[in-house]
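Let me begin by presenting the structure, written as structure tokens, before commenting on it.
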Amino acid sequence: MGKVKTEQVKRTAKELIERFPEKFSNNFDENKHAVSALTKGATTRIRNQIAGYITSSCAPEEETEAATEEVAEEAEA
């Protein structure tokens, strides 16, 4: 079973994604460094939780974009 993320982690992650969408991807380490640079005073545990939530929420978006591109290429052929 997965762990429940607190509302603070979700709210902060969503706000960061809205304000800086180009800084995040599905790579946890890159997201961790970006969150560290963008937030002040967050503990290591909170920073990692925020980065993990961002990583898990960015992964489906990139997969759907790749699938859309593949469908478009097949339609052109």
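The values are calculated or read from the model by the stated rules, or taken from the named source; none is laboratory data. Because the structure is a prediction, the values reported are computed rather than measured. Every residue, glycine among them, receives a Cβ derived from its backbone with ideal geometry; neighbour counts consider all protein chains shown.
What number of residues within segment 39-72 satisfy the criterion of being buried (at least 16 other Cβ atoms within 10 Å of the Cβ) and modelled with pLDDT under 90? Qualifying residue count for the region: 2. Count of segment 21-32 residues, restricted to those that are surrounded by 14 or more Cβ atoms within 10 Å (Cβ to Cβ) and free of Cβ contacts under 8 Å to residues at least 24 places away in the same chain, is 3.
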